[in-house]
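Only one structure is covered here, and it is reproduced in the block below.
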Amino acid sequence: MTASQFSAIFVSALFSNAVIKLWLAWRQLDHVAAHRGEVPPAFRDKVALAAHQKAADYTTALVRFGVFSVLFETLLLLAFTLGGGIQLLSDWSSATFSGTLVQGTAIIVAVLLLQSVLESPFDLYRTFGIEAHFGFNKMTLKLYLLDALKGLLLGAALGLPLLLGVLWLMERMGDLWWLYVWAVWVVFNLLLLFIYPTYIAPLFNDFEPLQDEAQKARIEALLKKCGFAASGLFVMDGSKRSTHGNAYFTGFGKTKRIVFFDTLLERLSPNEIDAVLAHELGHFKRRHVLKRIALTFAVSLGFLWGLAQLLHADWFYQGLGVTTQSTALALLLFFMALPVFSFLLHPIAAAYSRKHEFEADAYAAQQTDAHELVNALVKLYQDNAKTLTPDPVYATFYESHPPAPIRIAHLQKLGEPK
Ligand SMILES: [Zn+2]
């Protein structure tokens, strides 16, 4: 392959991705607008027209915003690669620092920082424009900046040693470096899973043990019935940032915790909370978490092997607008270009995730009342202004959860007396 051939492939893939994304956005806007006038029949007795229209408007605002992000990200990637941005930073780094490890780290850190600074107006607009307009945002600018600062420090504390280690292994371990890097990556991620609930999440939120004794007794009975051991039930102050509600599990083995957003507990009835919890337990019982982690590790091994094949290929660097070769540049270019070539895997990943959601729903229907989960979901759809009428193609491509009408119909069927 020649450099110009690879450039041509890269640019065509980048543009066709952008066209597909815009087409999907247009479909979603069109579908939501066409169904804005009426609540779908299955939800007519549960959802008011005003709430349905709020969901339509919120979805529309997010999708329109997404269109601008797509255009911006496409241009930014072009500017960094063929536009010469990375080459410029690479020249700056070799003139400023000495030693390949430090130079390489400086280039990667500079690109990451520049990227987040350039993208920050979008994030600010989403939080203080869209989310605030629809009444979801609870964040002050101070909290927002504090979060950003904490994220930056945490990223530096965890990411810098990892990056230095990876670059060192890439340079010192010969042809099989990718195996060593993969091993380090696996250990690093497992370590993160262990320390996240106890050391990282509390940097951003408060976690109080669940106080309500009656509720605690109910939940513990359900856990026992499902044969599940957790090291604690916690309530998180999600309302500090947003009114969106959720429940989740974190941690592994003995550090496993069940976390409820305070916003969720306030909104749902005890039976509905049981049903939502049973759904989350379903993910554990069906080993979705383990499967997902194993899959991620397998895929990252494939990626690292792919990177090893490109490390000494002139066309790879030059095709992406860089004339110098180094391990850091290869790493950077590879992970910047990767989303362009893996975009069409989105629907597969989404379908896999939806399969798991159906399985977790089936488990919840077995252990609790499917109708309670329906009621809980309808409340959550309304509170989160999630559209009940997504475009089927858009949903197939992007949605990690089944579209509301399909998911509810499934649950109603499961809830029918047998
Ligand atoms: Zn789920």
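Values computed for the structure shown
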| read-out | value |
| --- | --- |
| Candidates V340, V393, V374, V322 - the one that is over 28 Å from V70 (Cβ atoms) and away from the ligand (no atom under 14 Å from the Cβ) | V374 |
| Cβ pairs under 6 Å, 6+ apart, first in the stretch 273-302 and closer than 16 Å to D361 by Cβ and part of a helix (DSSP H, G or I), second more than 14 Å from the ligand (Cβ to nearest atom) and aliphatic (A, V, I, L, M) | D274/L222 |
| Subset of the stretch 343-371 (residues that are hydrophobic (A, V, I, L, M, F, W, C), within 19 Å of V276 (Cβ to Cβ) and more than 14 Å from the ligand (Cβ to nearest atom)) | A370 |
| Breaking point among (1) among the charged types (D, E, K, R); (2) crowded, with 18+ Cβ neighbours inside 10 Å; (3) modelled with pLDDT of 85 or more, for R286 | (2) |
| Check on L329, within 16 Å of the ligand (Cβ to nearest atom), buried (at least 22 other Cβ atoms within 10 Å of the Cβ) and aliphatic (A, V, I, L, M) | no |
| Tally of residues being of a type in the set (A, V, I, L, M) and within 19 Å of the chain's Cα centre (by Cα) across the stretch 110-129 | 2 |
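The values are calculated or read from the model by the stated rules, or taken from the named source; none is laboratory data. Quick caveat: nothing in here was measured; it's all calculated off a predicted structure. Glycine also receives a Cβ, built like all others from the backbone with ideal geometry; neighbour counts cover every protein chain displayed.
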